[in-house]
Amino acid sequence: MKPLKHILCIDDDPDILAVTQLALEDVGGYRVSCLESGRRAIDEAAALEPDLILMDVMMPEMDGPSTLTGLRKQSVLASVPIVFMTARIQLVDTEGYLKQGADGVIAKPFDPLLIPDQINAIWERRNVP
């Protein structure tokens, strides 16, 4: 199994990006890149070559599900795991995100000390042969 090293975080809230980046780098030991919109992610994610993408669902201009669709159309990103972060964590919402192609869903607000373990669990589950 390929190790998880580089995570791309996409969120329109700079405070969420800062906390997520700090938690994933300092607690998880990952390299983290951040983008503040779905549009920028569509334009720049492939060049960043992330191992996993962690993305907010509710963003202005282009929401998470629309961004996921755009990212999946790029051959370089077609198989990169995408995890949604959202405050809408009802079972029906979570199932919908998974049916749309997300590999996991993490509830907001999240515990910065636990998010690296949550990401790692999704990574391992996704990469089990």
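The values are calculated or read from the model by the stated rules, or taken from the named source; none is laboratory data. Computed from a predicted structure; not experimentally measured. Every residue, glycine as well, gets a Cβ built from its backbone with ideal geometry; the counts of neighbours run over all protein chains shown.
What the table shows:
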read-out: Qualifying residue in the stretch 87-104 (condition: of a type in the set (A, V, I, L, M, F, W, C), touching a strand residue (DSSP E or B) at 6+ places or on another chain (Cβ under 8 Å) and more than 22 Å from residue 16 (Cα to Cα)); value: yes
read-out: Boolean, residue 93 is among the charged types (D, E, K, R) and either at pLDDT 95 or above or closer than 25 Å to residue 3 by Cα (or both); value: no
read-out: Of residues in the stretch 90-129 being without any contact (Cβ under 8 Å) to a residue 40 or more places away in the chain and among the polar types (S, T, N, Q), the one surrounded by the most Cβ atoms within 10 Å (Cβ to Cβ); value: 118
read-out: Selection status of residue 76, out of contact with any Lys or Arg (no Cβ under 8 Å at 6 or more places or on another chain), closer than 23 Å to residue 1 by Cα and surrounded by fewer than 20 Cβ atoms within 10 Å (Cβ to Cβ); value: yes
read-out: Some residue of the stretch 8-15 being under 24 Å from residue 117 (Cβ atoms), surrounded by fewer than 14 Cβ atoms within 10 Å (Cβ to Cβ) and not β-branched (Val, Ile, Thr); value: yes
read-out: Number of positions in the stretch 20-50 that are assigned to a helix (DSSP H, G or I), among the aliphatic types (A, V, I, L, M) and crowded, with 18+ Cβ neighbours inside 10 Å; value: 5
read-out: First in the stretch 61-77 and at positive phi, second anywhere and assigned to a loop (DSSP other than H, G, I, E, B), Cβ under 7 Å, 6 or more apart; value: 61/37
read-out: Subset of the stretch 51-71 [of a type in the set (D, E, K, R), over 19 Å from residue 2 (Cβ atoms) and surrounded by fewer than 23 Cβ atoms within 10 Å (Cβ to Cβ)]; value: 61, 63
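Okay, residues lined up against (1) closer than 21 Å to residue 124 by Cα; (2) among the small types (Gly, Ala, Ser):
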residue	(1), (2)
21	yes, no
25	yes, no
29	yes, yes
50	yes, no
58	no, no
62	no, no
